[in-house]
Structure formats: C-alpha cells, structure tokens
Amino acid sequence: MVPIPILFQDDHLLVVHKPAGIPFHADSDGPGLLGLLRLRTGLETLYAVHRLDRITSGVLLLARTREAARELGRIFRERGVSKWYLALSDRKPRKKQGTVTGDMARSRRGAWKLLRTRTNPAVTRFTSVSMAPGLRLFCLKPETGRTHQVRVALKALGSPVLGDPLYWSPRPGSPEPDRAYLHAYGIAFDLFGTPYRIFSPPTEGRLFTCDAFRNALSVIRDP
C-alpha cells in the first residue's frame, strides 16, 4: 500500500504529500487519492479545494469542513494562495528565468497548448539553475490556476518536464526517467486570520533524491 504522509492537520485543514502516479478521483485503475484518504484517516468529510495531476507528487490541501472549503474556494479565486513547483528538464530553456504568459487552448490527446494571445492568460513565474550536465532544475510559481499550466509553460519554454507522458519525448542522450519530474513543493495562504505555509521536498525518483538535486535546490531562487 502506497503511503500518503500527512504533513499538517487541524480543525479546518488536512495537508498531505501526494505520491506520484495516484489520480485524485477513482478511475478504472483503482481508487483515487480522496477515497484512500477517507479510508485511511476515517475522515468522511474531506473537500477538494484544488487538485494535482496524476503524474505530480507533493503538497495537496483539503478542507475538513464546508465553511473552510467555501473560504478556501474564495481565496483561490481571488489568487490569495501562493504555490511553488519543482521540475526537472533535460532541454535548455529559451530563457533561464522570467514569466510565461498566454492564453491556453486544448490541443491533441488531452494536451493543452500556450497561445500568443492574452485575453485571459495563464501566468507562470519561474527561475532555474543547472543541476548537472544536460539537466536543469526549475522552480515555478503559477499566478493563475489552469489545467496543466506548469507543464504547458515548461513546454512553451522548450524545456518540457522530464518524463511527462504528454509533453516530453526522449532524444538521444536523454536520461531514462523513472517518473515524471514535477513536484508540488509548497503552498502558502491565510485562513480565518491564521497564516499557513507548508513545504515538502520530493521523496520519489532517482533524480529528485540525489545529491545534485539537493545542491541545486539549496541555491535556486524564489520566482
């Protein structure tokens, strides 16, 4: 049974470290994260306030009451939540830091793409640092919350997430990934007058647990 570590809980919230490869909701492959958490914690009243893609590991926030769910929904809509992601890519980006901005539209096979228009744009700030020859660590801070936003932003930079089944494909010399290297690193917000700031580094994947990654993480700047 895959462990789902609890990072924090109080009367309003449950924050867990989601493993990579587990869907949020049940599907044909088995139970989803929400069902597993209800089963393991005995908490029947858990409310989704945001989601992580199946491939993404890391910090996931759930509400324990309707009141908290409503308030967190408002905070998310008003962009009062800060989120940080970590990603690895084996491709050199068009720029090493800055902002990726543009409308998003559906593409093929469930993928999305970034457009040049900015009618209702997705906005993602990022920094990056070399981790090893042919491998780069990105720290990303999305200012909006669109489906696949971080994955599409990196694809638009020419540096798709290493191992991403939708946006990355191997090239000669590419490392052989044992997972998609995208991780929800941290989240920060205020709820009912209390500030919350919760971070959890990745624990899965050969390249996310090596010394080179830890060294790169120690020097990368906040976007």
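The values are calculated or read from the model by the stated rules, or taken from the named source; none is laboratory data. Given the structure is predicted, the values throughout are model-derived calculations rather than measurements. We place every Cβ from the backbone using ideal geometry, glycine too, and count neighbours over all the protein chains shown.
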Practice item. Can you tell me which residue among P201, P172 is out of contact with any Gly (no Cβ under 7 Å at 6 or more places or on another chain), at pLDDT 95 or above and in a loop (DSSP other than H, G, I, E, B)? Key: P201
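Determine which member of the set G110, G145 is surrounded by fewer than 17 Cβ atoms within 10 Å (Cβ to Cβ), under 14 Å from the mean Cα position of the chain (by Cα) and either at pLDDT below 95 or on the phi > 0 side of the Ramachandran plot (or both). Give the steps one after another, and end with the answer.
Numbers: G110 fails: under 14 Å from the mean Cα position of the chain (by Cα).
Testing whether each residue is surrounded by fewer than 17 Cβ atoms within 10 Å (Cβ to Cβ), under 14 Å from the mean Cα position of the chain (by Cα) and either at pLDDT below 95 or on the phi > 0 side of the Ramachandran plot (or both) leaves just G145.
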**Study point:** Hits in the stretch 167-195 - residues which are over 22 Å from the mean Cα position of the chain (by Cα) and closer than 20 Å to V16 by Cβ
**Key:** T194
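Looking only at the stretch 107-138, how many residues end up being assigned to a loop (DSSP other than H, G, I, E, B) and more than 22 Å from I55 (Cβ to Cβ)? Spell out how you get there, then give the answer.
Within the stretch 107-138, the first condition is being assigned to a loop (DSSP other than H, G, I, E, B), and the residues that meet it are 107-111, 115-121, 133-134.
With more than 22 Å from I55 (Cβ to Cβ) added as a condition, the list becomes 115-121, 133.
Residues in the stretch 107-138 being assigned to a loop (DSSP other than H, G, I, E, B) and more than 22 Å from I55 (Cβ to Cβ): 8 in total.
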Exercise for review: Please go through the stretch 59-82 and pick out each residue that is closer than 25 Å to R151 by Cα, surrounded by 19 or more Cβ atoms within 10 Å (Cβ to Cβ) and touching a helix residue (DSSP H, G or I) at 6+ places or on another chain (Cβ under 9 Å).
Suggested key: L60, L61, L62, V81
